[in-house]
1. Work out how much length Asp425 to Glu463 would gain on full extension: take 0.36 nm times their residue separation and subtract the Cα-Cα distance, in nm to one decimal.
2. Probe of 1.4 angstrom, ligands and nucleic acids ignored: what's the accessible area per residue over segment 291-414, in square angstrom?
3. Which of rounded, prolate or oblate describes segment 289-357 when judged by the alpha-carbon gyration tensor and an a/c cut-off of 1.5?
4. I need the shape label for segment 360-413. Rule: rounded when a/c is under 1.5, else prolate if a/b > b/c, else oblate, with a, b, c from the alpha carbon gyration tensor.
5. For Ser268 and Arg372 in one chain, what is 0.36 nm times their gap in residues minus the Cα-Cα distance, to one decimal in nm?
6. Is there a pair in Lys94/Lys130; Lys99/Lys163; Lys210/Lys411; Lys265/Lys296; Lys69/Lys411 whose C-alpha atoms are over 19 Å apart, and which pairs would that be?
7. Got a number for carbon plus sulfur as a percent of segment 261-380's accessible area, 1.4 Å probe?
8. Taking a virtual spin label 7 Å from the Cα of Asn449 along the C-beta vector, which residues in segment 399-438 bring their backbone nitrogen under 15 Å of it?
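The values are calculated or read from the model by the stated rules, or taken from the named source; none is laboratory data. Source: prediction; values computed, not measured. Quick reminder, even Gly has a Cβ in these numbers, built from the backbone with ideal geometry, and neighbours come from all protein chains shown. Note: areas computed on protein heavy atoms with side chains; ligands, DNA, RNA excluded. Shrake-Rupley method; radii C 1.70, N 1.55, O 1.52, S 1.80 Å.
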Amino acid sequence: MAHRAGGRALSLLRGHLRLASPAATGGCAGHGQPRGQVRPGSSGAAVQRAPQAAGPEEAGEDAEVNTRKKTFAEVQTERLEQAERTVLIKCPPKLNEKKLLQYLSSHGNIKSHFFFENRSIHALIEFSEKNSIASLQDVIGVPSAAEYHVVPFKSRLFTFMLKNPVSQAAEEAPLHLSPQSHIPVKELIEKLCHADSDFARAYFPDSTVKPFGSSVNTFGKLGCDVDMFLDFHDTQKHAAKMKKGPFDMEYQMKRLPSERLATQKILSVVGDCLDNFGPGCVSVQKILNARCPLVKFSHQPTGFQCDLSVSNSIAIKSSELLYIYGCLDSRVRALVFSVRCWARVHGLTNSIPGTWITNFSLTMMVMFFLQRRSPPIIPTLDQLKELADQKDKLVIGGYDCSFVSDLSKIKCTNNTETLDVLLGDFFEYYGNFDFRRNSINLRKGKEVNKPESSPLYIWNPFEQDLNISKNVNQPQLEKFVAMARESAWILRKEEKAQQIINKEPWGLAALLIPFGKSNSSKNRMKGIGSETIRNLLDSLKLNNPNNLQKTVGK
């Protein structure tokens, strides 16, 4: 269940697509996943590397890279460099894979490739050298305008067609397609029971597009949304360089009264470019009046749903924080995946905005729970800040976003609890959490009084005056608590052997069936009523001690 992709990250505004989470970075001894394995649940298709012969020197370099822990910045830089050497090709339905790769090899050595199907057959090709892209672009033609007028745009998304489809059909060989859908819940239950920004740079030459969120923090899954933001920090660096000499020199630029207005205008222009000129970009929506203005769009060749914002640097730091937590211990990602899957099955989360708990809030709740273990499995944000050196110091918009980036400086946990124990205790913990009084604070790793009356209060790790779960209403929180208590009760039952004999779901598998729909639900319901009532009374005792005293007095 732990997440890792050997894939690509989507940099669509660079004129190229590349989506996946970071490569294996290792973890603490005893808890890290074996390196070199592609884990399921990636936020994009896993890349199937073409076999290559490696010399002793190259093999030694690979081994050295794989044995050390990469920082979040190193992974981001590596992915961007890979994107600049990669093309996406829409292929004809009848295709000889060997012949295509042989042709592409005439433009340079192919480092890796994989084929997948989304509406049609596509090939993602990574060359060893960046100049191979230019070589291939030199022989790519402009589509015929016989039926439709085309908008000329030079990208790294191509369409290949057979010149003589009839004669070449005989050469067709079966393609090895990578799966493009996550495992169905029913199938998962069975297994468990058995055990360069081309658009933006036309207007903003020094801008870069950076991915953040699930697609890079290692907690994404196949098909998750791709979050990106347009970063102008390089523009500011460029301005500082121009201060030399006897003159102050600057570009003539339009001046606007607020940063928000500038953001809205920038996104409006980029949204129009994507809508009118972006190959494969459809369903473009400009949501400019939101708290954080953004442009939403779909990328048809891959099926990705994308969100683009501007200068969201704090979001990058949140992604890096989760990346670090995920790399410290393999149980972190596994537990997050399990809880997210459970929440989705029971309707606690939803892909559209609303009053329910988001995946980000749910992930933060898992992190806080792991900080509260004895001994803790992951450190608090304040503890990570204490380990930061000078290069890690960072203040964004008045908020201190400093924490250590070097994973080797973080001490591994002595906690040896198993995942099944952690999952059961997670439901126990939040099934009895005093949400009426307390809030969740990852910076302190402690339950602290809520600063305001929102039903669920989870402090933003960096913008400490914001509640990331402010959207959650009381009925949704009560539903979460009820589901957590019911799940804890199911996991406490010691009927595993009998359930296996009767071929009934048990453990996590039993939690991935909507309550009331499993074969054993009728038997379980016999004891649920009294259990639910007892838990409700316990909650009333905790939350209303005065009322309890009055009741006892009578």
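1. Numbers: separation 38, 0.36 × 38 = 13.68 nm, distance 2.91 nm.
Gain on extension, Asp425 to Glu463, equals 10.8 nm.
2. On the way: 4540 Å² over 124 residues.
Ligands and nucleic acids excluded, the result is 37 Å² per residue.
3. Values: a/c = 1.71, a/b = 1.25, b/c = 1.37.
Taking the square roots of the gyration eigenvalues as a ≥ b ≥ c, segment 289-357 is oblate.
4. Details: a/c = 2.73, a/b = 1.36, b/c = 2.01.
Because a/c hits 1.5 or more and a/b fails to exceed b/c, segment 360-413 counts as oblate.
5. Values: separation 104, 0.36 × 104 = 37.44 nm, distance 4.41 nm.
Full-extension gain reported as 33.0 nm.
6. On the way: Lys94/Lys130 29 Å; Lys99/Lys163 13 Å; Lys210/Lys411 30 Å; Lys265/Lys296 15 Å; Lys69/Lys411 13 Å.
Beyond 19 Å between Cα atoms: Lys94/Lys130; Lys210/Lys411.
7. On the way: 2110 of 3980 Å².
Here carbon and sulfur together make up 53 percent of the probe-accessible area.
8. The answer is 436-438.
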